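The values are calculated or read from the model by the stated rules, or taken from the named source; none is laboratory data. Because the structure is a prediction, the values reported are computed rather than measured. Cβ sites come from the backbone with ideal geometry, for glycine too, and all protein chains shown count toward neighbours. The accessibility values were calculated without ligands, DNA or RNA, using every heavy atom of the protein model including side chains. Shrake-Rupley method; radii C 1.70, N 1.55, O 1.52, S 1.80 Å.
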Amino acid sequence: MTTLAPSDDETRIRALYQRMLDGWQDADAYAECFAPDAEYIIANGMLERGRQEIIDGHRLIFSAWARNSRLEGRIDRIRFLTPTVAIVTAYGHIAFPDHRSSEENERTIYTLTAQKAEDGWIFVAYQNTPIGGH
């Protein structure tokens, strides 16, 4: 069986996704993975429009229930709709050092829309759904 090596674009999208995971706990670094006008829908259905709202929302949670947590995830699939637009389907959850479980720690499936810009790939949309649908 022949396995195709990932394309340069797929490798760059995977690197952007990893940068997003690694940026958790730093609202500015996390939000840098998103376009200035990105749309970001969190698990409760709240919509954050634009990078600044993403920063503000994450600063809030990093100072409250998500303090000292880390974001863990894995890409399930990258599907290129065009040479400059891709849909990323991924699974993830927020992990806590004390291994506590909470509603906020639910495992989720999410989609990210990535767009190729002059200076590389950027996420332009994010939608997060708890597995189990609640």
- Message: Just checking, does the range 31-42 include any residue being of a type outside the set (Phe, Trp, Tyr), modelled with pLDDT under 95 and surrounded by fewer than 14 Cβ atoms within 10 Å (Cβ to Cβ)?
- Response: no
- From the options 72, 48, 53, residue that is open to solvent by 70 Å² or more (accessible area, probe 1.4 Å) and not in a loop (DSSP other than H, G, I, E, B): 53
- Query: Right, residue 49: under 23 Å from residue 14 (Cα atoms) and not hydrophobic (A, V, I, L, M, F, W, C) or not?
  - Reply: no
- Message: Would you confirm, using the coordinates I've provided, whether residue 27 is touching a helix residue (DSSP H, G or I) at 6+ places or on another chain (Cβ under 7 Å) and within 27 Å of residue 7 (Cβ to Cβ)?
- Response: no
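Rundown of residues vs (1) at pLDDT below 95; (2) among the hydrophobic types (A, V, I, L, M, F, W, C), yes/no style:
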position: 79; (1), (2): no, no
position: 84; (1), (2): no, no
position: 95; (1), (2): yes, yes
position: 99; (1), (2): yes, no
position: 106; (1), (2): yes, no
position: 116; (1), (2): no, no
- Within the range 3-30, the count of residues that are of a type in the set (Ser, Thr, Tyr) and either in contact with a Gly (Cβ under 6 Å, 6 or more places away or on another chain) or modelled with pLDDT of 95 or more (or both) comes to 3
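Residue by residue, here is whether (1) without any contact (Cβ under 8 Å) to a residue 40 or more places away in the chain; (2) of a type in the set (A, V, I, L, M); (3) outside any loop (DSSP other than H, G, I, E, B) holds:
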residue: 28; (1), (2), (3): yes, no, yes
residue: 36; (1), (2), (3): yes, no, yes
residue: 67; (1), (2), (3): yes, no, no
residue: 77; (1), (2), (3): yes, no, yes
residue: 121; (1), (2), (3): no, no, yes
- Item | All positions within the range 82-103 that are without any contact (Cβ under 8 Å) to a residue 24 or more places away in the chain, open to solvent by 90 Å² or more (accessible area, probe 1.4 Å) and either of a type outside the set (Ser, Thr, Tyr) or closer than 23 Å to residue 117 by Cβ (or both) | 98, 99, 100, 103
